[in-house]
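These notes concern the structure reproduced below.
The values are calculated or read from the model by the stated rules, or taken from the named source; none is laboratory data. Computed from a prediction, not measured in an experiment: that's the story for all the values here. So basically every Cβ, Gly included, is an ideal-geometry build from the backbone, and we count neighbours across all protein chains shown.
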Amino acid sequence: MTIATLLSEFDLEMANTRKVLASVPADKFEWAPHAKSSTLGKLVNHLAAMPSLAAAVINGHAKRMPEASSKAELLDAFDKNFPAAREAVAQASDEHLCAFLPAINMTREAVLRNRVMSHMIHHRGQVTVYLRLLGVPVPGMYGPSADEK
């Protein structure tokens with residue numbers, strides 16, 4: 001693993017997440033597809049905060065993000081969290097990323113891949129289903145979506 005490879009993957013997943021967040025209807029934050037499901041607002045706030053988890057994995061400290069109550073606040077939070085997280089990952093050494101974290105039983109790199117990026121992809125998928133159910137065009141992630149063809 002190299003930092004460049006990790007950053008390439010990180011940048012792609014963050015850009016895809018930003019596209020999904022930008023597609024969220026501003027007036028649907030309280031909507032949920034089922035009583036046992038999270039609201040759209042809770043889910044997208046979780047996504048917007050995830051880059052700060054990446055920075056915490058590298059730097060060892062996390063700060064709790066206030067929950068956005070509007071689309072503008074949501075995008076602003078993501079747009080602030082992503083560059084700080086990217087900088088933290090870019091400045092980490094391979095040795096630092098490969099260090100084992102006994103409390104989590106993983107290396108920092110594994111935490112970034114599994115608990116940040118894969119976790120983000122999972123919740124991003126949930127949001128795209130919510131968008132589809134709401135009749136909102138779904139942006140493509142790894143190529144054009146059905147709505148973009």
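Okay, residues lined up against (1) more than 13 Å from the chain's Cα centre (by Cα); (2) surrounded by fewer than 17 Cβ atoms within 10 Å (Cβ to Cβ); (3) assigned to a loop (DSSP other than H, G, I, E, B); (4) at pLDDT 95 or above:
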{"site": "Leu43", "(1), (2), (3), (4)": "no, no, no, yes"}
{"site": "Pro51", "(1), (2), (3), (4)": "no, no, no, no"}
{"site": "Ala54", "(1), (2), (3), (4)": "no, no, no, no"}
{"site": "Ile58", "(1), (2), (3), (4)": "yes, no, no, no"}
{"site": "His61", "(1), (2), (3), (4)": "yes, yes, yes, no"}
{"site": "Arg64", "(1), (2), (3), (4)": "yes, yes, yes, no"}
{"site": "Leu75", "(1), (2), (3), (4)": "no, no, no, yes"}
{"site": "Lys80", "(1), (2), (3), (4)": "no, yes, no, no"}
{"site": "Val89", "(1), (2), (3), (4)": "yes, no, no, no"}
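The set of residues in segment 121-139 being free of Cβ contacts under 8 Å to residues at least 60 places away in the same chain and in a loop (DSSP other than H, G, I, E, B) consists of Gly135 alone. Looking across segment 99-114, the residues that are farther than 18 Å from His61 by Cβ and not aliphatic (A, V, I, L, M) come down to Phe100, Asn105, Thr107, Glu109, Arg113, Asn114.
Being assigned to a helix (DSSP H, G or I), more than 29 Å from Ile104 (Cβ to Cβ) and at pLDDT 95 or above is true of Lys19.
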